Every structure is written in structure tokens, then in C-alpha cells.
2 protein chains.
Amino acid sequence: MNAQTPIQHEHSPRLPQAIAELQALLHDRLSTVESVLAQHGRDESWHNPELPDAVAFPNNTAEVSAIAKICSAHKIPMIPFGAGSSVEGALIPTMGGIVVSTLNMNQVLAVHPDNFDCVVQPGLSRKALNQYLKGTGLFFPIDPGADASIGGMTATRASGTNAMRYGTMAEVVRGLEVVLADGRIIRTGSRARKSSAGYDLTHLFIGHEGTLGLVTEIILRLSPLPESATAATCRFPSLESAVQTSVALMQAGIPVARIELLDELMVDAVNQYSKMDMPLLPHLFFEFQGSPSRTKEDALLVQDLCQEFGGDEFQWTSSPEEMTQLWKARHNCAYACMAYRRPRKLMTTDVCVPLNNLTECILSSRADAEAQGITAPILGHVGDGNFHMVLLVDPDNADEVQRAEAVNTRLIERAIACGGTSTGEHGVGLGKRAYMQTEHGEALNVMRSIKQTLDPHNLLNPGKVLPD
Amino acid sequence: MNAQTPIQHEHSPRLPQAIAELQALLHDRLSTVESVLAQHGRDESWHNPELPDAVAFPNNTAEVSAIAKICSAHKIPMIPFGAGSSVEGALIPTMGGIVVSTLNMNQVLAVHPDNFDCVVQPGLSRKALNQYLKGTGLFFPIDPGADASIGGMTATRASGTNAMRYGTMAEVVRGLEVVLADGRIIRTGSRARKSSAGYDLTHLFIGHEGTLGLVTEIILRLSPLPESATAATCRFPSLESAVQTSVALMQAGIPVARIELLDELMVDAVNQYSKMDMPLLPHLFFEFQGSPSRTKEDALLVQDLCQEFGGDEFQWTSSPEEMTQLWKARHNCAYACMAYRRPRKLMTTDVCVPLNNLTECILSSRADAEAQGITAPILGHVGDGNFHMVLLVDPDNADEVQRAEAVNTRLIERAIACGGTSTGEHGVGLGKRAYMQTEHGEALNVMRSIKQTLDPHNLLNPGKVLPD
């Protein structure tokens with residue numbers, strides 16, 4: 001969490017009336033207490049916190065709709081807030097306004113095991129959902145590092161270590177209930193596995209980062225738990241050999257459920273944070289899923305291929321406890337980085353590139369960070385062509401921040417130039433807005449006109465995603 | 001193809017000037033020849049053909065952009081046209097205008113085997129793409145019955161028999177180049193496997209049916225050819241037992257690449273059209289893919305499960321020639337229906353429902369068609385919960401058409417009521433417009449406002465998708 005001093009905004013003259021109406025609606029579920037404001041004005045990014053004018057805790061869709069009507073009538077910004085785990089400043093109320101917390105909207109509304117779906121409220125966390133699903137034989141596979149809310153994951157089109165096998169939020173969200181800026185309530189998609197019935201509004205709201213509406217219900221595809229799973233780690237003599245191995249594996253089409261890359265700096269950070277003792281070398285973490293015989297067959301093929309590229313023998317991890325520990329350590333990489341070489345903060349990069357450009361992109365970017373004297377551990381969902389170089393910066397050292405930003409910019413330009421994207425899974429928030437023109441060109445104007453149509457007064461999470 | 005007499009529209013007073021400008025641009029690649037107009041004013045549906053004012057054959061994106069500018073300036077409708085295989089009237093120029101044919105834009109622009117993608121023009125057909133990919137080890141899996149154009153398949157969010165394993169157009173289109181109504185050219189998406197960079201315009205144009213822009217380039221995900229495959233057919237004593245088997249198979253999570261249902265009427269039509277001799281009983285067609293040992297293991301599990309539900313022994317189909325013949329017969333089901341019990345035409349239904357509602361939905365719908373005396377063979381992508389009841393109607397028999405429409409309406413209402421959709425893969429076109437209000441409610445107004453934003457003068461394939 002961020003310890004910087006939050007910026008306080010000037011209040012809109014119409015705010016007191018809006019607050020009065022919201023209080024009449026929500027009573028003590030509208031808060032203007034300083035500590036509550038501070039808690040809802042920051043996220044896990046390096047961006048400076050800023051204070052909202054109030055925080056609303058609605059209990060249901062009707063209340064969210066009523067909040068939207070009040071805020072629209074008085075032209076007060078609305079910023080949805082889930083777990084607060086954005087790493088791009090997506091939640092920071094840069095124009096003040098009302099934070100709409102999903103804290104009280106965290107229920108599983110229905111599970112339909114025979115259609116592999118469930119219906120949930122946006123405030124539910126991914127871990128809470130999986131806890132709820134225990135015993136059904138199903139699970140929800142999307143796993144960003146944080147225990148994010150399903151609403152937040154929908155808003156950022158999140159993914160994680162399972163995307164290669166199970167897809168991202170773009171593939172698992174089947175439908176939504178959304179409150180529009182003016183309070184209208186719409187439903188998109190359905191419980192059917194596919195549809196050709198009109199414009200795909202579901203995908204328009206997946207990745208909208210709260211700028212097009214307030215999501216109040218989500219229909220999710222679930223997956224059957226694998227019959228068995230085994231994990232392994234493999235160390236490599238160089239970063240290059242580790243990345244080349246992962247690309248070759250993908251191109252060989254061997255079914256691997258997860259391939260995660262950690263460079264030697266990230267291994268060091270993880271060793272310290274998660275009390276592990278991996279040798280300080282680049283590693284690939286693997287998971288194989290399926291029947292025990294198939295899993296073994298796949299894993300041995302992969303081990304052979306790793307060795308062709310100079311990889312060491314696999315360190316096998318087959319007990320559920322060890323596997324949980326391994327993936328927990330992987331999921332805690334961001335926290336490991338936060339604790340590494342304090343008092344630095346994370347400037348996270350998140351490019352995703354075509355697989356054939358991955359090795360070059362990772363190696364150039366690391367060389368650039370080294371040349372600029374920036375400590376920058378690397379981890380990657382390399383099967384997707386997506387990696388994070390975590391630039392560790394001291395926010396009080398303007399020169400260091402500037403050098404890190406330059407490294408970040410060059411990395412993004414490199415990714416876009418080879419047919420990739422500035423952000424594979426974290427979203428745009430505040431941090432990637434400056435790159436949207438380069439990435440989208442004229443299409444950015446189409447995004448702007450859609451925003452204008454759905455939110456004509458720019459009240460929904462204003463100042464995010466689209467550059468001014 | 002349709003033999004009904006095409007409707008001729010009154011020309012816009014501004015048409016001559018638009019035609020003159022289009023001729024200056026395209027020379028003999030603009031046609032107003034009667035037979036060419038007639039060819040581009042119909043599709044494979046039961047809807048009456050109507051004549052466009054002219055047909056344009058652009059060679060490249062710049063020409064498409066110039067056409068859009070001319071049509072916009074003179075307020076003349078533009079209707080994109082690929083293979084002409086719509087079964088919902090999506091291509092019929094109900095307000096006249098210029099048909100923009102993709103005939104000359106049928107090239108593969110790039111194949112990137114090491115990132116599993118290719119870039120194609122919209123006029124390329126799915127079979128031509130797969131012919132081009134021979135020798136790369138990759139293929140393009142989406143397979144509607146017709147040899148549709150990739151542009152048309154993008155426009156309708158098409159799928160086919162492979163959707164269960166490989167997804168639909170919604171999953172395989174990674175990016176687009178689109179000419180907007182005013183001639184602006186935008187690019188959406190990228191060659192990266194995932195992205196969180198702003199609004200998902202790619203999915204907005206997948207399924208737009210030519211009403212939001214003219215697609216000029218498509219980035220497609222390709223799949224590795226399976227190591228081996230085997231197919232089998234299994235006959236069942238009743239429709240109910242066949243559907244229940246397919247639902248049970250899905251719920252058991254056994255990896256089957258394809259599960260297709262044909263009822264006894266469809267089997268009869270296929271036998272006649274494709275010169276086969278299947279017994280006149282409901283059938284499931286299966287395909288299993290993977291290594292030979294896995295494929296066999298999966299297939300035997302499925303055979304056991306079929307027998308539990310009363311299915312007969314599998315009829316195995318392992319030679320490539322036999323498999324090609326089997327799936328060709330399946331893909332030709334629509335043509336088999338057209339030839340069955342002439343002079344009737346196809347009123348195709350296309351609902352997709354949650355798997356747990358599939359059996360009930362199919363059985364009620366068949367009972368309804370029988371009660372109304374309508375011959376209605378059934379085929380289904382049952383693994384997706386998507387099936388087609390093909391209502392065979394004589395367009396000159398008003399009473400029969402009316403009874404069939406009533407059956408169609410009740411089927412769609414049944415599907416929507418249980419959480420499904422009116423169209424799983426054919427699109428809305430003219431045929432499903434009337435159901436959009438029931439299916440989408442208030443969300444339909446959001447679709448309308450997006451259409452208004454991107455096409456303010458309603459020139460792009462007007463009169464489709466959205467009801468008046």
C-alpha cells in the first residue's frame with residue numbers, strides 16, 4: 001500500500017446537495033470519514049493517492065442505480081472500487097467524487113455446475129469464489145497475483161498464470177449486469193456458450209476500467225478441476241535460454257498448463273520474501289494437468305526440451321502443499337518486489353508481444369534497464385508473450401523516476417512496433433494513458449466517441465484509460 | 001440460391017452523382033448490370049431478394065475508404081458482400097444502395113507460424129485459407145456449413161462444428177482493419193495473445209453484420225493440426241437419448257473435439273443428398289483428436305457412455321477419406337435440407353441455450369413443429385447447446401409460413417426464457433430483428449446509440465440487426 005500523502009481536491013459546489021441525497025439513500029453506508037477516504041484513494045501502484053469526496057457502500061443494484069442518478073444529476077464523478085489492487089492507478093479519484101465500493105456486493109448469486117457457470121456480484125474476490133466452489137468439482141481459473149475482486153478483474157480484463165490454458169477474463173465472462181452513468185440498468189450476454197445476437201456489449205465492458213458503467217453482476221464460465229496436476233521448476237544458465245525454451249515449447253504445441261519465467265533478480269526477491277532457497281539463476285516454473293499418465297508424459301517431453309536449451313534437471317513438486325507454496329510464491333512476486341531494496345516502489349511494465357518477438361523484447365529491455373542503473377526484476381507469463389519488468393524506483397528521486405519512465409516508454413514502443421500491446425493484463429489506468437495514441441491511432445477517437453455516448457458528462461472514473 | 005423475384009427500389013435523387021464518382025474511382029469495377037445486381041441482392045435465406053443500385057469491386061483498403069466517403073457524402077447505403085451465404089437475410093439491400101463486394105480482396109497477407117497467426121483480407125474463403133496453410137502444420141478451425149468468406153464469418157460471429165474445441169470467431173479474431181462510414185480507417189487489436197489496452201473494439205466489430213463499418217483486414221489465430229483424429233457415428237433409439245448423451249458427455253468433461261446431433265429427418269435428408277445409407281434414427285457424430293493412444297482412450301470412454309444411454313455400437317471412421325466424407329455430409333446439411341421435400345425453403349432456427357436446458361428445449365420445439373404440421377429436420381452443435389431446427393416452408397403458402405413463424409417465435413422465447421439466445425452463430429440479419437427487444441431489453445438502446453455514434457446517417461447495411 002501507498003504511504004504518499006494524498007492530494008485533496010476542491011469540492012464541487014453541488015457536492016453538499018449530492019452528499020445529502022446519498023446520505024438519505026444510504027444512511028451510514030455513505031462515509032466522509034478521513035481514514036475511509038484515504039483508504040479508497042490509493043491502490044498498489046506508484047501513483048500518488050488522491051482523496052475522493054465520499055465513499056458509498058451500496059447493498060444492491062437498485063442502490064447503485066440510485067447513486068448513479070444522484071451523481072449524474074449533480075455532475076459528480078463516480079469511481080468503482082473493489083479490492084484496491086490496481087497497479088496502474090485505475091482507482092485513484094483524480095477529480096474527486098464518490099467512490100462506489102463493492103464491499104457489500106460480494107455474494108455468489110447462483111452456481112450452475114451442469115452448465116459450467118456461476119453468477120456473482122462484483123465485490124467477491126477470486127479466492128472467495130474458489131472457496132465457495134469447493135466440492136463442486138469446478139473452479140474459477142483466472143489468477144492475477146492479488147486476491148482481486150471479480151469486478152476489478154472484469155474491469156481490467158485481467159489474466160494471470162492460467163491464461164494459456166483457461167483464457168483471460170475476456171474468455172470467461174459470459175454476461176454482465178451494468179448500471180449506466182444515468183442509472184439505467186442493462187444486461188449483456190447470456191448463459192449460453194455463444195451468441196450472434198447483436199453487438200457484443202459484454203466485451204465492451206470487459207476492460208472498461210469503470211469508465212463506461214458500474215458493473216453489478218457477472219456471469220462467469222467455470223472449469224472442471226484437473227484430474228491431477230504436477231509442477232516443476234527448471235533453472236537455466238541465462239535469461240535468453242529460459243525465454244527461448246518457453247517459446248520453443250509453445251511452438252511445439254506440448255500441452256503445458258502454466259509456464260512462468262522468473263529472472264535471477266526476481267528469484268532473489270522471491271527467496272527473501274517467501275523464504276525459499278532457489279539458486280540465483282533464471283527459472284521457468286511449469287504446471288502440467290490431466291490424467292496422471294498424460295501429465296507425466298507431457299512433463300518428460302518438456303524436461304527433454306529444457307535440457308536441449310541448457311536447462312538443468314527438473315525440481316519436481318507433486319504434493320498439493322508444495323504446489324500451493326510454489327504458486328503462492330509466484331503470486332506474491334509483486335509483494336516480494338515491494339519488499340526488495342526498499343524504499344523503492346513498483347513501476348510495473350506489462351507488455352504482451354507476438355511469441356516470435358519475445359526473446360528479443362525481454363533481452364533488449366533488460367539491457368536498457370541495466371544501462372540506466374535501474375533494478376528491474378522480470379517475471380513473465382511467457383506462454384502468452386506477456387512479461388513484467390518491475391522497475392524499482394524511489395518516488396523521491398526525480399532523476400531515477402525519469403530514467404525508469406524512459407525505460408518504460410522504450411519498452412512499450414518496442415512492443416507496439418513488433419505488433420504487441422502496452423498492457424497485457426493490468427489495464428491502462430493512469431500509467432499507460434500516454435501510450436494509447438501510439439497504440440491505437442485513429443481507433444482512439446472511436447473509443448472516445450463510445451465514451452462520449454455512454455458517459456456524456458465524463459462522470460465515470462474520469463481521467464482514466466483515454467488520454468485528454 | 002433464391003429464385004424469388006427481387007424487389008426493385010426507387011433510386012435516391014443523389015444516386016447518379018454518386019455512381020459517376022464511383023465510376024471515376026473504379027471504372028469497370030463498378031457494375032449496374034441487371035444480372036450482377038440480382039446476384040448481389042440475395043443470400044441463402046428464405047427472405048425475398050432485393051436489388052442494390054450498383055455493385056462495387058474495390059481492390060484495396062484505400063478504395064474501400066474512397067467508396068465510403070462518396071457514399072457518405074451522398075447518403076447512399078453501403079452493404080458489404082462476401083460469399084453470399086447468409087441464412088438470415090443479412091446481405092439483402094432492403095434500402096437499395098451500393099453493394100461493396102470483397103471479391104477482389106481475397107488474399108492471405110501474412111502467415112506467422114511461430115505466433116500461430118495470419119493476416120487475411122475479408123473476401124478469402126475459409127476453405128481457400130486452409131488450402132493456403134497446407135504444409136505449415138497449422139489450420140483455421142472455424143467451419144460453418146458454407147464455404148463462407150472470412151469477412152462474412154467475422155461479421156456474423158460465426159462458428160460451426162469445431163467451436164467446442166477451438167472457439168468461435170469471437171475467440172480467433174485478434175484484430176481488424178475497418179473502414180468507418182465516413183471513410184476513416186482504424187486498426188483494432190494486435191498480434192499479441194491478450195491485451196488490456198482500452199476498449200475492445202475488435203469484439204464490437206465481430207458480429208456487427210456490416211452495420212458499423214467495412215472490414216478490410218483480419219488477424220486470425222491459427223491452431224496446430226491435431227496429431228491424429230478419429231471419427232465415429234452412433235445411432236440412438238430416440239432423440240431424447242441422443243441429446244441426453246451429449247449433455248452427459250459435456251458434463252463428464254471427456255475431451256471430444258466435435259459432437260454433432262442429427263435427428264432422423266436430417267439423417268434422411270443427408271442420406272438422399274450425400275448418398276449415404278445411415279439407418280433412419282437419431283445420430284451423434286463424434287471426432288476425437290490428439291495422440292493415437294489418447295484418441296482411442298477417449299473414444300472408448302465415450303462409446304461406453306453412449307451405450308449407457310441406449311446408443312448402438314460406434315461406426316468408426318478412421319481413414320482421412322471417410323472422415324472428409326462424413327464431415328462434408330454434415331457441412332452440407334443445409335443444402336440437403338434445401339433439396340429435401342421441394343419446393344420448400346429454409347426458415348432456419350439457431351437458438352443456443354445452457355446445456356442443462358438443451359434436452360427440454362429440443363424436445364418441446366420438435367413437438368411444436370409436429371403439432372403445426374411443419375417438416376423440420378434438426379441438427380445441432382450440441383456440445384455448445386446450439387441447435388438448428390430447419391423449418392421447411394413453401395414461401396407461396398402464406399398459412400404454412402405463418403405457422404412456421406409461430407413455431408420459430410415460440411422456440412426463441414423458450415431459449416431466451418431459460419437464459420439462452422435467439423442466435424448462436426447465424427446472426428440477426430433480417431430474420432431475428434424482431435426478437436432483439438425481448439433478448440436485450442434496455443441494452444438494445446445502448447446498441448442503438450453505438451450505431452448512431454459510428455454511423456450517424458444509418459448508411460452501413462441499414463435495416464439489419466437493430467429493429468426500427
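The values are calculated or read from the model by the stated rules, or taken from the named source; none is laboratory data. Because the structure is a prediction, the values reported are computed rather than measured. Cβ sites come from the backbone with ideal geometry, for glycine too, and all protein chains shown count toward neighbours. Side chains included, ligands, DNA and RNA excluded: accessible areas come from the protein's heavy atoms. Shrake-Rupley method; radii C 1.70, N 1.55, O 1.52, S 1.80 Å.
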Quick check on my filter: what residues within the range A:197-217 are more than 7 Å from every other protein chain (Cβ to nearest Cβ), in contact (Cβ under 8 Å) with a residue 60 or more places away in the chain and either buried (at least 24 other Cβ atoms within 10 Å of the Cβ) or not in a strand (DSSP E or B) (or both)?
A:E209, A:G210, A:T211, A:L212, A:G213, A:L214, A:V215, A:T216
For B:I378, state whether it is at pLDDT 95 or above, more than 17 Å from B:E88 (Cα to Cα) and open to solvent by 10 Å² or more (accessible area, probe 1.4 Å).
no
Being loosely packed, with under 15 Cβ neighbours inside 10 Å and among the aromatic types (F, W, Y) narrows it down to one of A:W316, A:W327, so name that one.
A:W316
Residue in the range A:413-445 that is nearest to A:D43 (Cα to Cα), counting only those that are of a type in the set (A, V, I, L, M) and open to solvent by less than 10 Å² (accessible area, probe 1.4 Å)
A:V428
Scanning for something surrounded by fewer than 21 Cβ atoms within 10 Å (Cβ to Cβ), modelled with pLDDT of 95 or more, within 30 Å of B:S195 (Cβ to Cβ) and among the charged types (D, E, K, R), does the range A:358-365 turn up at least one residue?
yes
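Is it the case that B:R258 is in the same structural domain as B:L300 (by the TED database) and within 18 Å of the chain's Cα centre (by Cα)?
Spelling it out, B:R258 is indeed in the same structural domain as B:L300 (by the TED database) and within 18 Å of the chain's Cα centre (by Cα).
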Of all residues in the range A:62-86, which are surrounded by fewer than 24 Cβ atoms within 10 Å (Cβ to Cβ) and either in contact with a strand residue (DSSP E or B) (Cβ under 7 Å, 6 or more places away or on another chain) or in the same structural domain as A:R184 (by the TED database) (or both)?
A:S65, A:P77, A:A83
Residues in the range A:402-415: is at least one of a type in the set (G, A, S), at the interface with chain B (Cβ under 10 Å from one of its Cβ atoms) and at positive phi?
no
Residue ID - nearest to the chain's Cα centre (by Cα), chosen from residues in the range B:383-411 that are assigned to a helix (DSSP H, G or I) and closer than 15 Å to A:K194 by Cα
B:D384
So, B:G419, is that one modelled with pLDDT of 95 or more and more than 8 Å from chain A (Cβ to nearest Cβ) or not?
no
With respect to B:L466, determine if the residue is open to solvent by less than 40 Å² (accessible area, probe 1.4 Å), under 24 Å from B:N357 (Cβ atoms) and either facing chain A (nearest Cβ under 10 Å) or assigned to a helix (DSSP H, G or I) (or both).
no
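Can you tell me how many residues within the range A:120-140 are in a strand (DSSP E or B), open to solvent by 20 Å² or more (accessible area, probe 1.4 Å) and farther than 13 Å from A:G151 by Cβ? I'd like the intermediate steps shown before the answer.
Here is the first cut: in the range A:120-140, the ones in a strand (DSSP E or B) are A:120, A:125, A:138-139.
If we keep only those that are open to solvent by 20 Å² or more (accessible area, probe 1.4 Å) too, we end up with A:125, A:139.
From the residues that got through so far, the ones that are farther than 13 Å from A:G151 by Cβ too are A:139.
Counting residues in the range A:120-140 that are in a strand (DSSP E or B), open to solvent by 20 Å² or more (accessible area, probe 1.4 Å) and farther than 13 Å from A:G151 by Cβ gives 1.
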Of a type outside the set (D, E, K, R) and in contact with a Pro (Cβ under 8 Å, 6 or more places away or on another chain): does that describe A:P52?
yes
Tell me which residues, restricted to the range B:87-116, are outside any loop (DSSP other than H, G, I, E, B), within 30 Å of A:A252 (Cα to Cα) and open to solvent by 10 Å² or more (accessible area, probe 1.4 Å).
B:V108, B:L109, B:A110, B:V111, B:H112, B:P113, B:D114
Scan the range A:268-283 for residues that are in a helix (DSSP H, G or I) and crowded, with 23+ Cβ neighbours inside 10 Å and jot them down.
A:A269, A:V270
Of the residues that make up the range A:435-453, is at least one under 19 Å from A:L346 (Cα atoms), touching a His at 6+ places or on another chain (Cβ under 9 Å), at the interface with chain B (Cβ under 10 Å from one of its Cβ atoms) and not in a loop (DSSP other than H, G, I, E, B)?
no
How many of the residues in the range B:446-463 are surrounded by fewer than 24 Cβ atoms within 10 Å (Cβ to Cβ) and more than 20 Å from A:T202 (Cα to Cα)?
7
Reported set for the range B:31-48 where residues are within 18 Å of B:G82 (Cβ to Cβ) and outside any loop (DSSP other than H, G, I, E, B) is B:S31, B:V36, B:L37, B:A38, B:Q39
Residues satisfying the stated conditions in the range A:220-246, i.e. open to solvent by 10 Å² or more (accessible area, probe 1.4 Å) and in a loop (DSSP other than H, G, I, E, B):
A:L225, A:P226, A:E227, A:P237, A:S238
